[in-house]
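Read the figures in this text as sums done on the coordinates, not as results from a lab. As the structure is a computational prediction, the values presented were derived from the model and not from experiment. Note: ideal-geometry Cβ built from the backbone for every residue, glycine included; neighbour counts use all protein chains shown.
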Amino acid sequence: MTQRRARLIDVADAAGVSIAAASRAMSGSTGVSDAIAARVRRVAAEMGYVANVHARTLAGGASTTIGLLVHEIGDPYFTEIAGGVLRLGAQQGLTVQIGHTGRDPDAELTQVRALVANRVRAIVIAGSGFVDAAVQAPVKAELQAFQAGGGRVAVIGRHHLGADAVLPDNHTGGRSLAEHLLALGHRRIAFAVGSRALTTVADRLAGIAEALASAGLDLDDLPVVEEEFTRAGGRRATHAILDAHPDVTAIAALNDDMAIGVLAALRARGVSVPGEVSVSGFDDVPVAEYLWPALTTVRLPMAEMGEQVLELALKPASSRPRRRLTGHSLVVRDSTAPPRG
């Protein structure tokens, strides 16, 4: 079996220093003591580490290719984000290589390694991270090594990757959505959600729980059905909700793709919206206003988020990760109304 070539992260671990310190030691930059630099170089020699000369050129912008990873390329949320990345990329004379991870950490790791091997200038990752930071540890290590070698990384909605990030307003957006349903008079509310292992879901539910608590309600006392963050998932969640809780007056889906599935399931069962059950979503994908009925949802500036994350990826590295918050707005349309009676 061919032995894996030592990477900078391996040298850093063996020398007991950070990747950044190891990078400075190997390049002769300032910022590390002579003793640490000597130790790192000795360990590197013992491990047979060979610096990636190409990676060093990335900081100078020699590559014109950007890698973009999204969870679901068919989800309009990611389509809008990709559109923003592509528009700015075209203006900057860059090529964007897009990969699809399916919210699978192993697939994401494979995609990141492929992008590094393809010598992209920067890697942009869009989509929820995982509540358990350990799940993302392998990909975080790969991204840190890529950055230490001169590459750049920026992300959307990721909590534990230690990179420049655009952060969707998920927590307060969830609170705004719940406050809207409560203000209409709904108390028997059900929630169709993606996996709670995803930080996006956890953050949106946390905001919802805050609003419910202010109204004297407990999220744990209401139906919360986890399914795939897709239209099919929304459809399955709706059938499960109605079978177990036929008295619900509102279903809040935690993304618009699920909400579309909710509407389809209610239509198939002859349940009128919003006459019998109100429906809401999250994201405000372009099709939301053209659904029947038009979907009440939380608007995130998805295309702008795509542009912002690429702007961050094209900036020189900073000493600490940059953060940009998106804000949100509640868009009230025809799919929500006061409950009957």
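Given a cut-off of under 8 Å on Cα pairs at least six residues apart, what relative contact order in percent is computed for the chain? Kindly include the intermediate steps, with their values, before the conclusion.
Details: 685 pairs, mean separation 58.8, N = 341.
RCO, the chain: 17 percent.
Stick to the Cα atoms of the stretch 67-154, pair each with every other, and give me the Kirkwood hydrodynamic radius in Å at one decimal.
On the way: mean 1/r = 0.0751 Å⁻¹.
After inverting the mean inverse Cα-Cα distance, the result is 13.3 Å.
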**Item:** Share of alpha-carbon pairs per 10 Å distance bin for the stretch 239-341, given as whole %
**Value:** 14, 39, 22, 14, 9, 2
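Where Lys and Arg each count +1 and Asp and Glu each count -1, what net charge lies around Ala82 among other residues with Cβ under 12 Å from its Cβ?
On the way: positive: Arg87; negative: Glu72, Asp75, Glu80, Glu307.
Once positives and negatives cancel, what remains is -3.
When ranked by the protection proxy of mean other Cβ atoms within 10 Å per residue, highest first, what sequence do the peptides 323-336, 273-286 form? Each step should come with its number before you reach the end.
Values: 323-336: 16.5, 273-286: 23.4.
Going by the mean number of other Cβ atoms within 10 Å, highest first, we get 273-286, 323-336.
May I ask you to give the average projected area over all directions of the convex hull of the Cα atoms of the chain, in nm² rounded to one decimal? Provide the component values of the computation, followed by the final result.
Working: hull surface 77.5 nm².
The directionally averaged projection comes out at 19.4 nm².
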**Asked** Taking the chain as a Gaussian network, Cα atoms linked when under 10 Å apart, which of Thr200, Thr297, Thr230 shows the biggest mean-square fluctuation?
**Response** Thr230
**Fill in**
Summed over the other residues with a beta carbon less than 13 angstrom from that of Gln97, with K and R at +1 and D and E at -1, the charge totals +2
**Request:** Go ahead and estimate [θ] at 222 nm for the chain from helices alone: -39,500 (n - 2.57) per DSSP H run with n ≥ 4, summed, over the residue count, rounded to 500.
**Result:** -13500 deg cm²/dmol
**Prompt:** Which whole-number percent gives the relative contact order of the stretch 152-261, counting Cα pairs below 8 Å spaced six or more residues apart?
**Reply:** 29 percent
**Message:** Quick one: 3J(HN,Hα) in Hz for the stretch 256-264, Karplus 6.51/-1.76/1.60 with θ = phi - 60°, rounded, Gly and Pro as x.
**Reply:** 5, 4, 5, 4, 4, x, 4, 4, 5
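Which number comes out as Rg/Rh for the stretch 220-279 once both Rg and the Kirkwood Rh are worked out on C-alpha atoms?
Values: Rg = 10.2 Å, Rh = 11.1 Å.
My calculation of the ratio gives 0.92.
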